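Note sheet for the following structure.
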Amino acid sequence: MAGGKGDKPANANKSNANKSNAAAQSSKGRKKETGLGLTNTKDGNFGEWYSEVVTNGEMIEYYEISGCYILRPWTMSIWEIMQTYFDAEIKKMKIKTCYFPLFVSNTVLQKEKDHIEGFAPEVAWVTRSGDSELEVPIAIRPTSETVMYPYFSKWIRGHRDLPLKLNQWCNVVRWEFSNPTPFIRSREFLWQEGHTAFATKEEADTEVLEILELYRRLYEEYLAVPVVKGKKSEMEKFAGGLYTTSVEAFIPNTGRGVQGATSHCLGQNFAKMFEINFEDEKGEKAMVWQNSWAYSTRTIGVMVMVHGDDKGLVLPPKVAAVQVIVVNVPYKDADTEKIKDACLDTVKTLSDLGIRAEADLRENYSPGWKYSHWEMKGVPLRIEIGPRDVTNKQVRVVRRDNGEKIDIPMADLVKVKELLDDVQQSMFNVAKQKRDACVEVTKTWDEFIKALGQKKLILAPWCDEEEVEKDVKTKTKGETGAAKTLCSPFEQPELPEGTLCFASGKPAKKWTYWGRSY
């Protein structure tokens, strides 16, 4: 994938001079100008294209330690907008913010056997301090169940202490893996992780789906990425949990699914291990029911993969740090100061309307260079103002998503707000059409293998048996990875009586999405 083994690609740090002269050789061998420094196309070499887009779009910088990335302001502004939305929503659900330490002892980590077995290869350990070896190595959290739950046990005594609903915004470290990819697969990443405890399973079940709906909204309403809500198989569920629900995205260019975010019901397994008991209303001892749920900076990578094009990033207006960039277009002998004033007045008017707008009035770059620069960064709308526009009291608006050009009177700039809403909805619609075109319903093994080779998102009837799932993984293993279950959608198509599993020939119990994944 991007950047080979995760080391910095040779072309990740080009100078501006190189950027402005970049020409790309397309997959058909035709020379094609791709703006500021994209030497790969999305269809031609997706991995290298992605690497270039996130670096040239000023989202990340490669770091000296493989699998770690510097998140630049352009990325962090997107993360902050998502955080603002999600934090406000969970506060409505009376979920409180907390922070637990980064370190966890081996004793605590080993307490839930299935859980640690699922994470063991990824755990990073601190083994020394200065020149001294630590007597007992300390783990860096890969997730915080085992960090938090000893204290849940301390804080929960009776039914009046429930529900306990906490969330923390933090970083986690997961070390061992191959092919690191910015945002999608990194050694350290940012996320939120919610951890809650209830007196009853019904309360836990309800919250699992409420949180999952917030994740769907995050993807579809903010990132303009269509997702499927569903339940993970027993084999793919969270280690040590009762069941896992997820929102699943799909990247048409690579034919791979992406687990977008997860909401787990942990059942009473962790409560048993960590002795999280309470006295119920009848005075009897009972164990709590627990959930955990998280989304991470992976969301941003999914957005880039779905919407980006051969000119760079394409950002949905709702999450763009700059929604409108205003560029002055001075001609020889034109009144440049008048044009600049018109640009600044436009920015002020848009800002007063609640639109995130900025002006690029730099004199050492041509208008054409600026257009390419802001296209690379994915700004949803560009406004161009030249002498003719000043005379006609209008602005030229150019959409990043489809290149459409519209002239709007300066007195009617409120229309820009409607245009941003249209761009947001249009981006979602286009992404959904592309995703839906990749869905292939298969009922036999031969159909399944054919669809897999065509990079499809496969919906197939399944007997819901783990051995069959393992067998499918084994049979489809190859250089590009094995196929696996992505989720069984909550919105199940009709399953006619007598329908057989595509892989085993046994009676099918449900429809399940299958495919290769990140």
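Taking every DSSP beta bridge that has both ends in segment 429-518, the antiparallel portion is near 75%.
Quick one: with all protein chains in place, what share of the accessible area of the chain is carbon or sulfur, to the nearest percent (1.4 Å probe)?
Ligands and nucleic acids excluded, carbon and sulfur give 48 percent.
Accessible area per residue (1.4 Å probe, heavy atoms of protein chains only) ranks 500, 419 as 500, 419, with the largest value leading.
Over the chain, what is the mean sequence separation of C-alpha contacts under 8 Å (at least six apart), divided by residue count, expressed as relative contact order in percent?
On the way: 1068 pairs, mean separation 68.2, N = 518.
It rounds to 13 percent for the chain.
Just to confirm, what accessible area per residue do you get for segment 391-462 at 1.4 Å probe, in whole Å²? Walk me through the numbers on the way to the answer.
Numbers: 3900 Å² over 72 residues.
On a per-residue basis, segment 391-462 sits at 54 Å².
Annotation for segment 365-458: GluC sites (Glu not before Pro) lying in DSSP loop with at most 15 further Cβ atoms inside 10 Å of their Cβ are 404. Which percentage, to the nearest 5, of the DSSP beta bridges contained in the chain is antiparallel? Expressed as a percentage, antiparallel bridges in the chain total about 80. Longer than 21 Å from Cα to Cα, which of 377/405; 201/231; 96/285; 484/506; 231/434 are they? Say none if no pair is. Going by Cα-Cα distance, 96/285; 231/434 fall outside the 21 Å limit.
Largest accessible area first, the residues 138, 60 order themselves as 138, 60 under a 1.4 Å probe with ligands, DNA and RNA left out. Ligands, DNA and RNA aside, residue 412 has an accessible area near 50 Å² when probed at 1.4 Å.
Per residue, the solvent-accessible area of segment 196-298 (1.4 Å probe, heavy atoms of protein chains only, all protein chains present) comes to 34 Å². The heavy atoms of residue 391 present about 110 square angstrom of accessible area, all protein chains included, probe 1.4 Å. Segment 344-416 and segment 198-258 have Cα centres separated by 38 Å. Straight Cα distances below 20 angstrom link residue 348 to the aspartates and glutamates 337, 358, 360, 384, 389, 407, 412, 418, 421, with same-chain residues fewer than 8 positions distant left out.
Look at (i) 3, 15, 20, 18, 14, 12, 10, 5, 1, 0, 0; (ii) 3, 12, 17, 18, 14, 11, 9, 7, 5, 2, 1, 0; (iii) 4, 16, 25, 24, 17, 9, 4, 1, 0: the one that is P(r) over Cα pairs in 10 Å bins from 0, in percent derived from this structure is (iii).
Rounded to two decimal places and with Rh computed the Kirkwood way over Cα pairs, what is Rg over Rh for segment 382-518? Taking Rg over the Kirkwood Rh, I get 1.30.
Computed over the alpha carbons of segment 430-471, Rg followed by Dmax gives 11.9, 38 Å.
If you sort 514, 191 by accessible surface, 1.4 Å probe, largest first, the order is 191, 514. Computed with a 1.4 Å probe on the full set of protein chains, the accessible area for residue 201 sits at about 70 Å².
The values are calculated or read from the model by the stated rules, or taken from the named source; none is laboratory data. Owing to the predicted nature of the structure, the values given are computational and were not obtained by experimental measurement. Backbone-built Cβ (ideal geometry, glycine too); neighbour counts: all protein chains shown. Note: areas computed on protein heavy atoms with side chains; ligands, DNA, RNA excluded. Shrake-Rupley method; radii C 1.70, N 1.55, O 1.52, S 1.80 Å.
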